[in-house]
1. Below 8 Å, C-alpha to C-alpha, sequence gap of six or more: please give me the relative contact order for the chain in percent.
2. Of all accessible surface on the chain at a 1.4 Å probe, what whole percent is carbon and sulfur?
3. What accessible surface, in Å², does a 1.4 Å probe find on Thr181, ignoring ligands, DNA and RNA and rounding to the nearest 10?
4. Determine the order of Met33, Met67 by accessible area, beginning with the largest, at a probe radius of 1.4 Å.
5. Tell me, what is the 1.4 Å probe accessible area of Trp35, in Å² to the nearest 10?
6. How large is the helix-only mean residue ellipticity at 222 nm for the chain, computed as the sum of -39500 (n - 2.57) over DSSP H runs with n ≥ 4, divided by its residue count, in deg cm²/dmol to the nearest 500?
7. Given a Förster distance of 25 Å, report the FRET efficiency between Leu145 and Arg197 from their Cβ-Cβ distance, rounded to the nearest 0.05.
8. In Å², what does the accessible area per residue of the chain work out to with a 1.4 Å probe?
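The values are calculated or read from the model by the stated rules, or taken from the named source; none is laboratory data. Computed from a prediction, not measured in an experiment: that's the story for all the values here. Every residue, glycine among them, receives a Cβ derived from its backbone with ideal geometry; neighbour counts consider all protein chains shown. These area figures cover heavy atoms from the full protein model, side chains too; ligands, DNA and RNA do not enter into them. Shrake-Rupley method; radii C 1.70, N 1.55, O 1.52, S 1.80 Å.
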Amino acid sequence: MQVSNDLSLFALIAHASVPVQLIMLLLLGISIMSWTYIFAKRYAIKRAHQQTRRFEDDFWSGGDLSMLQQAVANRRAEQGALARIFDAGMTEFLKARRTAASDANAVLDGARRAMRAAYQREMDALEAHLNFLASAGSVSPYIGLLGTVWGIMHAFIGLSNMQQATLASVAPGIAEALIATAIGLFAAIPAVVAYNRFTNDIDRLSIRFDSFVDEFLNILQRQVR
């Protein structure tokens, strides 16, 4: 076993055994992907809140709903999740009215189903990649621990070939191994914090979407009476 006197971080990583280096590389990849999803999801949720607030202002301003629906339909991608839910319900409602449906409950049920389907699509989009953050937060420390166990085992196996084992001879090998756990925690902690924050933000949006669907159905119910 070759003992290095250089205990800097990069030197320890460079002198680590190949399996430990591969584990570190895996954890680094997980961390990079986590941060990519964190920044993308943070932007997406912030944008969703802004679009929802803007659409609610337009909806409750008292304007004509048919004109609002036409404006949303012309620029669906820019209008946001709540606007698309409204568009789905209003489109189905107007279609049912044009076919001269006499059953008010059938007209409302069609609008409700259309909005629920749109709601589910929007929630699936908002929740995309959250499972990866949850997995990264729960698995990364164990992957890092695996690297630590392997590195310590490798260090002690190397000591068996030495005439005299001292703390100075075993310290670099143990330090190399412990870096894997540190990298695992570095990958896990931001992922867990981001997952909890984003889940809370998405739950708040979900409540706003649910409330809007109920309120909009009440408005449509008054129109079919």
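1. Relative contact order for the chain comes out at 32 percent.
2. Whole-percent figure for carbon plus sulfur exposure: 59.
3. That residue has around 40 Å² of solvent-accessible surface.
4. Accessible-area ranking of Met33, Met67, largest first: Met67, Met33.
5. Here the residue's solvent-accessible area equals roughly 90 Å².
6. -30000 deg cm²/dmol
7. Computed FRET efficiency for Leu145 and Arg197 comes out at 0.45.
8. Value for the chain: 57 Å² per residue.
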